[in-house]
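Derivation of every value follows stated rules applied to the coordinates shown; laboratory data play no part. Small disclaimer: the values here were computed from a predicted structure and weren't measured. Here Cβ is always computed from backbone atoms with ideal geometry, including for glycine, and neighbour counts include all displayed protein chains.
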């Protein structure tokens, strides 16, 4: 690589001969001693505030340097997760990227009043881990093991940007299922099918054995799909991708008004792509 040292970068000679590599052409300016002394005195009196410094990187601003709208929250204010800023409108987004799952509220179903409650790790970890260790669940979720296995699955969602919200499903006030409501268009799943903006995905497991095989899953899937379509006006489709081998799950989705759109090869399974369209919700 050519050197960038100024002493070796010569300019073409005005006469067209080879460029000179000596300093004979350099203009030697000698400043009067009085002039140099004047600048030396001013430099000694200069304060650090007079020095030119680089503009601070916005990522390193502390709470005293931040503009008012970026200041650290008041110590007595409730903790707020640092959701990304909405670059379109300049306002903070809702509490997640799914139009506020925590505020969706309860809904009536043929099997009772149902509500999605976002996971609180300290409260729900042992319960969800117990469900994951049920052999019938572990065969497809593959999250059996000690508490840390389930915790490692939940934390990225809880600490993420809100594109996936893990929830406990309450039926008449009793926790009985685990759900993940997620932005399918922002998920790796979108690489495997023609995703549309705001496609919303569902993952589900029924925790209690007594609630399996008697239509509870079908009723809840239909209810949650309706919740998504009611609470997310921008969403035109609810999607799911159960393992194609999980016949009871695929059957429950079909009975809940989903259609089998395609079979897709995902990194960890061959899946049935199930879709519930807003336009067909009253027909299926």
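Side notes on the structure shown:
- For the stretch 185-263, averaging the sequence separation of C-alpha pairs within contact (under 8 Å, six or more residues apart) and dividing by the residue count gives a relative contact order of 33 percent.
- The stretch between residue 268 and residue 125, if pulled fully straight at 0.36 nm per residue, gains 49.1 nm over its current Cα-Cα span.
- Contour excess over end-to-end distance, with Cα ends at residue 152 and residue 234 and 0.36 nm allotted per residue: 26.4 nm
- Three-way shape label, the stretch 240-284, alpha-carbon gyration tensor, a/c 1.5: oblate
- Cα gyration tensor, the stretch 101-280 - rounded (a/c under 1.5), prolate or oblate: rounded
- The order of the peptides 105-111, 197-203 by mean Cβ neighbours within 10 Å, most packed first, is 197-203, 105-111.
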